[in-house]
Amino acid sequence: ELKVEQNPLFLSMQEGKNYTIYCNYSTTSDRLYWYRQDPGKSLESLFVLLSNGAVKQEGRLMASLDTKARLSTLHITAAVHDLSATYFCAVGTQMNRDDKIIFGKGTRLHILP
Amino acid sequence: DTAVSQTPKYLVTQMGNDKSIKCEQNLGHDTMYWYKQDSKKFLKIMFSYNNKELIINETVPNRFSPKSPDKAHLNLHINSLELGDSAVYFCASSQSRFSGGRQETQYFGPGTRLLVL
């Protein structure tokens with residue numbers, strides 16, 4: 001059974017600091033997603049990672065994937081208040097066109113001005 | 001223009017009723033999805049349609065049925081609503097599925113907040 005664990009679940013940090021959110025998953029995956037959700041709002045797709053060693057960056061966010069360790073990280077560089085949100089990772093697997101996407105519980109990030 | 005739209009935004013109804021939530025995307029995408037987010041913010045994918053073919057059907061009750069009249073629309077019909085169905089339902093679309101890269105980036109609708117009394 002595919003399980004996805006994120007940590008930490010809650011994170012409060014100061015502006016200007018760096019931090020990393022971790023996403024571990026239990027079985028082989030085809031793809032890994034990162035999403036952002038602001039309170040009371042919809043989801044925004046941040047990254048789709050497909051292959052081992054994949055690294056993608058957008059502004060102060062950088063996501064990486066290590067399929068051998070079954071680990072993805074979302075690194076935040078020099079955090080700013082606008083990055084306060086909940087971040088979800090999700091793992092997708094595909095077998096014989098039977099597809100699954102399993103979400104982590106989310107990391108609620110609060111950046112103090 | 002809104003890329004992915006859902007109606008209604010809010011839906012309050014009684015147990016046992018049947019209701020539908022509509023979703024439309026004007027992005028020309030081939031794949032559409034329905035997600036459920038419960039009161040604890042846990043997300044779960046419910047369905048995915050690719051070119052009108054159901055390719056994900058998670059273990060959701062048979063009371064939930066997706067209906068896609070064309071590739072720009074994926075409606076969610078719910079029969080015999082139960083208290084536990086109260087949640088936020090998100091529709092999403094992506095250019096394609098299984099093709100990798102940016103084509104799998106999903107665009108989400110604003111959500112429909114369903115409250116079953």
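Converting phi to 3J(HN,Hα) with the Karplus coefficients 6.51, -1.76 and 1.60 and the offset θ = phi - 60°, the range B:52-59 yields 6, 9, 6, 10, 10, 9, 4, 6 Hz in sequence order, with x at every glycine or proline. Evaluate the distance, in nm, between pseudo-label points positioned 7 Å from the Cα of residue B:12 and of residue A:12 along their respective Cα→Cβ axes. Taking the two extended label points, one gets 3.3 nm.
Taking a probe of 1.4 angstrom, what is the accessible area of residue B:107 in Å², to the nearest 10? Accessible area of residue B:107: about 110 Å².
Working note: Debye formula, equal point scatterers on the alpha-carbon atoms of chain B, no solvent; log10 I(q)/I(0) at q = 0.12, 0.15, 0.21 Å⁻¹ is -0.39, -0.60, -1.16.
In order along the range B:81-94, the phi-based Karplus estimate (6.51 cos²θ - 1.76 cosθ + 1.60, θ = phi - 60°) of 3J(HN,Hα) comes to 4, 10, 4, x, 7, 4, 4, 9, 10, 10, 9, 8, 9, 9 Hz; Gly and Pro are listed as x.
Cross-link partners of residue B:41 among lysines, defined as those whose alpha carbon lies under 21 angstrom from its own and excluding same-chain residues fewer than eight positions apart: A:3, A:41, A:100, A:105, B:9.
Computed from point charges on the beta carbon alone (+1 for Lys and Arg, -1 for Asp and Glu), the dipole magnitude for the range B:4-116 about its Cα centre is near 220 Debye. Legend: calculated FRET efficiency, residue B:20 to residue B:105, from the Cβ-Cβ distance at R0 = 30 Å, rounded to 0.05, equals 0.65.
Panel note: the C-alpha atoms of chain A, placed on their principal axes, show extents of 48, 30, 20 Å (largest first). Remark: accessible area buried at the A-B interface is about 2000 Å², both chains counted, probe radius 1.4 Å. Coupling constants for the range A:56-64 follow from the phi torsions by the Karplus curve (6.51 cos²θ - 1.76 cosθ + 1.60, θ = phi - 60°), and in residue order they are 10, 9, 9, x, 8, 10, 9, 10, 9 Hz; glycine and proline get x. Within the straight-line cut-off of under 18 Å between alpha carbons, the aspartates and glutamates reachable from residue A:56 are A:30, A:44, A:66, B:104, sequence neighbours fewer than 8 places apart in one chain being disregarded.
Calculate what fraction, in whole %, of the accessible area of the range B:4-116 sits on carbon and sulfur atoms when a 1.4 Å probe is rolled over the protein chains.
After summing per-atom areas, the C and S share lands at 49 percent.
If each Cα of the protein assembly as shown is one equal point scatterer, what is log10 of I(q)/I(0) from the Debye formula at q = 0.13, 0.15, 0.17 Å⁻¹? With no solvent term, the Cα-only Debye profile gives -0.77, -1.02, -1.26. Projecting label points 7 angstrom from Cα along Cα→Cβ for residue A:2 and residue B:77 puts them 2.9 nm apart.
In nanometres, what is the gap between the two model label sites at residue B:70 and residue A:71, each 7 Å from Cα along Cα-to-Cβ? Once both label points are built, they end up 4.9 nm from each other.
The values are calculated or read from the model by the stated rules, or taken from the named source; none is laboratory data. As the structure is a prediction and not an experimental result, all values here were calculated from the model. As a convention, Cβ positions derive from the backbone with ideal geometry for all residues, glycine included, and neighbour counts pool all protein chains shown. In case anyone asks, the SASA skips ligands and DNA or RNA and just uses the protein heavy atoms, side chains included. Shrake-Rupley method; radii C 1.70, N 1.55, O 1.52, S 1.80 Å.
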